[in-house]
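Report on one structure; see the data block that follows.
The values are calculated or read from the model by the stated rules, or taken from the named source; none is laboratory data. Keep in mind the model is a prediction, meaning the values are calculated, not measured. In this analysis, Cβ positions are derived from the backbone assuming ideal geometry, glycine residues included, and neighbour counts consider all displayed protein chains.
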């Protein structure tokens, strides 16, 4: 054994592989991304070689075959990683394709405007790609256009999402190395530090949304783009039973229906806003048929991100067993609807206040909404009055941020009804 620890070299090699992949980005040209991938595949594959060498002729040598069998052998992704490494090492650089999807968002819908595929032969610079959209966006003839660029990468002869497979392989290798490290027990400060670095880099790499999806708004009057700055926090536990969630706050309702859950969330976030005295991060709560709640917090400098998040959930409604969805966010108040005809950066100049919006598509396909004036939320009587008497179940859902989810649930219900009657 050495002072570094028997697994130090393997951990260092794996960290090197992740460092190479960390340079992979949507803003890069394809040639630079190919270099990142080639270096990643080489270092990733050699991690197991280095590990096998480190354990050779020690009492831990049998462990290598045991853990290799448990984690790597007969695994499709790991087999693909080995084949790809051999290919890029011995034959040619990774044959990378880039697909770009441009999706237009409105408060109530989403539409793919166009998609393009690029290779190293016809690749264009990132900013050139963005600027090339202006002519098409002008044709939409609105004061502002919210859109996103979604970058997806794959191998030229394979339709599988490249990054999804890479992330799956990273998780497998991380779990194997950590499992072996704890089993061997040869813990050193250097190895502990490397594991922390690996975990930090892995969390960053696995956030594919941050890496490959960019949100924009195009202002027609200025003929300029604004790229959104985003924050997507990590939650330590993001799939919680609704009953346990409520009980953890000391809340005991006789019923755990969507209406009571919405009231609970409203009171919780009003308390958060009061404590902060300012901005409340938008958040969406998705409750599934098994009563598990997934929390989706996010923040952005532009509204495109919120539109995209809502539409992503709407897409999942069709395939997933989603029971009800609640969204909480801030909104500006206006005296007249005419101000909505202005670009957002001009519109907010005419705001006469702010509200906290709590919206839900609840059990039984019921749309609900509560609106709290932020200038009054320190008044308990006002808050109680809204919770008891201004619980709007007849809100104009077509003007709600939840409308795409409403339409998706309606479509799913209609499909079930059609199958039942056929």
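Table for the structure above
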quantity: Only one of 402, 370, 357 that is within 18 Å of residue 309 (Cβ to Cβ), in the same structural domain as residue 309 (by TED's automatic domain parsing) and either out of contact with any strand residue (DSSP E or B) (no Cβ under 9 Å at 6 or more places or on another chain) or at pLDDT 90 or above (or both); calculated: 357
quantity: Where a residue in the stretch 250-265 is under 21 Å from residue 357 (Cβ atoms) and its partner, wherever it lies, is surrounded by fewer than 18 Cβ atoms within 10 Å (Cβ to Cβ) and modelled with pLDDT under 75, with Cβ under 7 Å and at least six apart; calculated: 257/363; 258/363; 260/253
quantity: Residue identified as free of Cβ contacts under 8 Å to residues at least 60 places away in the same chain and either closer than 17 Å to residue 173 by Cβ or buried (at least 18 other Cβ atoms within 10 Å of the Cβ) (or both) among 17, 56; calculated: 17
quantity: Where residue 108 falls short, out of the listed (1) farther than 30 Å from residue 403 by Cα; (2) at pLDDT below 95; (3) buried (at least 18 other Cβ atoms within 10 Å of the Cβ); calculated: (1)
quantity: Any hit, the stretch 104-127, residues being in a helix (DSSP H, G or I) and not assigned by TED's automatic domain parsing to the domain that holds residue 35; calculated: yes
quantity: Qualifying positions in the stretch 19-56 - farther than 21 Å from residue 126 by Cα and either part of a loop (DSSP other than H, G, I, E, B) or under 26 Å from the mean Cα position of the chain (by Cα) (or both); calculated: 19, 40, 41, 44, 56
quantity: Residue match in the stretch 364-383 (condition: farther than 29 Å from residue 275 by Cβ and not in a strand (DSSP E or B)); calculated: yes
quantity: Subset of the stretch 324-349 (residues that are surrounded by 14 or more Cβ atoms within 10 Å (Cβ to Cβ), touching a helix residue (DSSP H, G or I) at 6+ places or on another chain (Cβ under 9 Å) and within 23 Å of residue 145 (Cβ to Cβ)); calculated: 327, 329, 330, 332, 334, 339, 342, 346, 347
quantity: Unique residue being surrounded by fewer than 19 Cβ atoms within 10 Å (Cβ to Cβ), in contact with a helix residue (DSSP H, G or I) (Cβ under 7 Å, 6 or more places away or on another chain) and farther than 23 Å from residue 147 by Cβ when the list is 363, 379, 373, 321; calculated: 363
quantity: Any hit, the stretch 225-243, residues being assigned to a helix (DSSP H, G or I), outside the structural domain of residue 37 (by TED's automatic domain parsing) and surrounded by fewer than 16 Cβ atoms within 10 Å (Cβ to Cβ); calculated: yes
quantity: Qualifying residue in the stretch 66-74 (condition: within 30 Å of residue 115 (Cβ to Cβ) and either under 28 Å from the mean Cα position of the chain (by Cα) or not assigned by TED's automatic domain parsing to the domain that holds residue 167 (or both)); calculated: no
quantity: Residue tally, condition out of contact with any strand residue (DSSP E or B) (no Cβ under 8 Å at 6 or more places or on another chain) and within 23 Å of residue 258 (Cα to Cα), over the stretch 278-313; calculated: 2
quantity: Candidate set: the stretch 350-360, residues that are surrounded by 13 or more Cβ atoms within 10 Å (Cβ to Cβ) and not in a strand (DSSP E or B); chosen: the one nearest to the chain's Cα centre (by Cα); calculated: 351
quantity: Selection within the stretch 174-209 - outside any helix (DSSP H, G or I) and touching a residue at least 12 places away in the same chain (Cβ under 8 Å); calculated: 186, 187, 188, 206, 207
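Matching residues to (1) part of a strand (DSSP E or B); (2) out of contact with any strand residue (DSSP E or B) (no Cβ under 9 Å at 6 or more places or on another chain); (3) modelled with pLDDT under 95:
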| position | (1), (2), (3) |
| --- | --- |
| 138 | no, no, yes |
| 141 | no, yes, yes |
| 150 | yes, no, no |
| 154 | yes, no, yes |
| 172 | no, yes, yes |
